[in-house]
Structure formats: structure tokens, C-alpha cells
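Written below as C-alpha cells is the structure these notes are about.
The values are calculated or read from the model by the stated rules, or taken from the named source; none is laboratory data. Because the structure is a prediction, the values reported are computed rather than measured. Note that we place each Cβ from the backbone using ideal geometry, even for glycine, and neighbour counts take in every protein chain shown.
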Amino acid sequence: MKFAVIQERKSPPDRRVVLDPISCQKFLSDFPSAKLLIEASPIRAFTDAEYTNAGLEVVTDVSAADVLIGVKEVPIEALIPNKSYFFFSHTIKKQPYNRKLLQAILDKNITLYDHETLVSEQNHRLIGFGYYAGVVGAYNGMRTLGLKLDIFDLPKATTLNGRAALNAQLNQITLPNLKIILTGTGRVGQGAKEILDHLNIKKVSVDQFLNQNFSEAVYVQLDVFDYCERVDGTHLGKSDFFQHPEAYRSTFERFTAVADLFIAGHFYGKGAPAFFSRTQAKADAFKLSVVADISCDIDGPVACTIRPSTIQSPIYGYDPESEKEVDFKNANAIAVMAVDNLPCELPKDASEGFGKTFVDKIIPSFFNADAFGILERSRMTKNGQLTPAFSYLQTYVDSTE
């Protein structure tokens, strides 16, 4: 079987890659019957020469490959008919802007495996860039805090050559005695937590965070029942929360009354209560001055996240009174960092982590007859049709809007 790592063609450019040179070498070592092509790319975080020096074949034409592997959506005109593709298609939530892409995939008889749909038998995601979203998001949160309070000026993560350089910059800052909220305990939350721990910020309990004063910076990491409760007062567990989110209300207001920085690394399900509303942000007791919204749900659970920001311009201000965007240094503004493609800021590190997981957990399925059903569960299209698990997308595909 012949595989190819394809060039990223979506704009703005994304320098990440699914398989870095070391991951490619391990792939071919583990599965010597496989063939692997690397499509030449002028933007990739790893140069063509780095792949060539690793003994890999760099080409300008990958049409001989059976399976083509990328990160972002492949432009319709670049799709090769009758192939299998891996990439983030951003169609599983019926995103209107990619309807034509999914229609083209079906028309061209392409078998699509979306990275988001690569899950275990327990329906847990097997792969993603979430960890590095957490790392960069927490770093950007610290950078935003320094600029907002005018206490330090960290460089943009995208200007640094990897995680070690990022950590070196963090080593140079000193934080005042402020309080930091971190939500999320998954990959995103773990990445963000590592940044807070690298800064030697003390982790405290919910009770300590809410009721004690400290002479140093502290943080609390919140799980869902730390900031949500059932309206009827019962406690039925997480499965009930995910099945009946409308039966819950937020208790997050008690945290915004004492915290300075909120790092949002949670997963937000449709129908779940908001962390805080625009009305709550107007209250005299509302203390937050910086929000690093890694989850970046626009006009959603974090009221001040009114739009995504960009790597080039990562911070904007939200004025609670006018509910409008303002200069983030405005005294009344909440400084918001809501970059929606954070892993792109550390493309080498993010690619290396993704590549290792892809080779360890996904590639074996092509050589063990898909023993664990990973490919079967992930396959969105086959023979010009949606597969049964994704048949819910048929009305989306059929729409002409």
C-alpha cells in the first residue's frame, strides 16, 4: 500500500504536518511493506531537505498513492478522485462553509477519514492537536495578562522556535498575587496545566480559591460539577449532565468574583449552561480582567468571546457595559485571547506529537485488517455514499443553500 503526506493548500497557510520526518521513519520501520511519498511543500515546518535527509522520497506528484494524509481541508480542485484521504474536513457538524467540499468528496468517489472521527470503541478521540492548543493557549493567556496589566511583555509564541524556547521565555517573568481559573481536564486542560505548573503557580482547592487570600499567584482547575449544579439539587453524575445539560445551571459567578484570569480549556456541549452571561459581566462583583478562551465558542458560554482572534492579532477588548469590542488596554475592558488555531503557533512540536500518535494508533489498522474497527468507525464516505454512521449528513449534502 502506498501512502503520501500531502502539501497543505488551505489559506491562510498552515505549517503543521501529520507525519514529521522521524514519524515517517518509524512508520516505514514498523511496516516495511508500505511505501511513503512526501509531497514537496514550501511552507511546511519541516523542509523538503529534512525529509530527503531522513531517507524519504520527496515528489511533486502524489497521484500514485492510495492514501493521502493532510491536516486541513483539501481545496476541491486539488482532490484526486478515487483515493482515500485523511484530514480535518470540518463537516461533521454540518458546517455550511464546507458543504461543497463534502459534496465534491462524494462526487469524486473519495473515501474520507476525518481526524476528528478517529475514535476508540468507547468513542474517545484517539488523536488531535488539543494538547498543544492548551500549551499555546495558556502561554498566550500569560502574554495577554502581562500586556493588560503592563507588567511584562512576552513574545508571540509563533516567533519562538519550539516548546523549549517558549518555556525559556516564561522563566523570565514574575507574576503578582493573582488568581487563575483553568477549566477542562482533557488534552487541552492538561496542556494548559503544564504551563501553569512550569511557572510554579500554586494549585489550590476550590474552597481555598474562593475563600482565602494569597501572597502569591494561585490557580484552580475546575471540572464540570465545580461550576455547574442541577436545578433540582440532585447529583446524578456526568452522564446525566451530558444527556440533560438543560437541567443544569452555572455556579461560575462565584469564581468570577475573585479571579483575575480565566483560561477556558473545557469542552462545551450544546445546551449546557453558560459560564457567565453579558449581564453577569456587568456586575460590580465581576473581577475577571483577562480571558484566554482556548475553546473559542463564539457568542457562546463565555460572554466576552464575541469573535475569534488571529495569530497576527491575538487580543481584543470587550467592554461589558456597551457589549462592544474596544481596545483591550481600556480600563473597563476584559482582554480576550480567542485564537482558534493555536497549535499552528508551535507547528514543529504539534506535528511531532500528532505524528507519533498517528503512527502508533492509526497506521497499524491498515496492516492488521482494522482489528479494532478504527477505520470502520472513522470512515465517513465510501463508494460515493455517506457511510451509515454519517448518514445524518445526507440532508446537509443535499442542500443547495
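Which residues, taken from segment 203-225, are loosely packed, with under 14 Cβ neighbours inside 10 Å and in a strand (DSSP E or B)? Within segment 203-225, none qualify.
Where residues in segment 92-112 are under 18 Å from the mean Cα position of the chain (by Cα) and closer than 25 Å to residue 373 by Cβ, which of them is surrounded by the fewest Cβ atoms within 10 Å (Cβ to Cβ)? Among residues in segment 92-112 that are under 18 Å from the mean Cα position of the chain (by Cα) and closer than 25 Å to residue 373 by Cβ, the one surrounded by the fewest Cβ atoms within 10 Å (Cβ to Cβ) is 93.
Residues in segment 11-20: is at least one among the hydroxyl-bearing types (Ser, Thr, Tyr) and modelled with pLDDT under 95? Within segment 11-20, one or more residues are among the hydroxyl-bearing types (Ser, Thr, Tyr) and modelled with pLDDT under 95. Residue-level analysis places residue 153 among those that are farther than 14 Å from residue 195 by Cα and surrounded by fewer than 17 Cβ atoms within 10 Å (Cβ to Cβ). Of the residues screened, residue 325 is one that is outside the structural domain of residue 16 (by TED's automatic domain parsing) and part of a strand (DSSP E or B).
Within segment 142-163, the set of residues being of a type outside the set (Val, Ile, Thr), closer than 21 Å to residue 218 by Cα and in contact with a helix residue (DSSP H, G or I) (Cβ under 9 Å, 6 or more places away or on another chain) comprises 142, 143, 152, 153, 154. Within this structure, residue 236 fails the test of being assigned by TED's automatic domain parsing to the domain that holds residue 327, at pLDDT 95 or above and either in contact with a helix residue (DSSP H, G or I) (Cβ under 7 Å, 6 or more places away or on another chain) or part of a loop (DSSP other than H, G, I, E, B) (or both).
Within segment 183-241, the set of residues being closer than 22 Å to residue 342 by Cα and without any contact (Cβ under 8 Å) to a residue 12 or more places away in the chain comprises just one member, 197.
In the set 339, 359, 302, only one residue is touching a helix residue (DSSP H, G or I) at 6+ places or on another chain (Cβ under 8 Å), buried (at least 20 other Cβ atoms within 10 Å of the Cβ) and more than 30 Å from residue 26 (Cα to Cα); that residue is 339.
Scanning segment 360-373 for residues that are touching a residue at least 40 places away in the same chain (Cβ under 8 Å), more than 15 Å from residue 87 (Cα to Cα) and in a helix (DSSP H, G or I) gives 361, 364, 366.
Taken over segment 290-306, the residue count meeting the criterion of being touching an Asp or Glu at 6+ places or on another chain (Cβ under 6 Å), part of a loop (DSSP other than H, G, I, E, B) and more than 18 Å from residue 330 (Cβ to Cβ) is 1.
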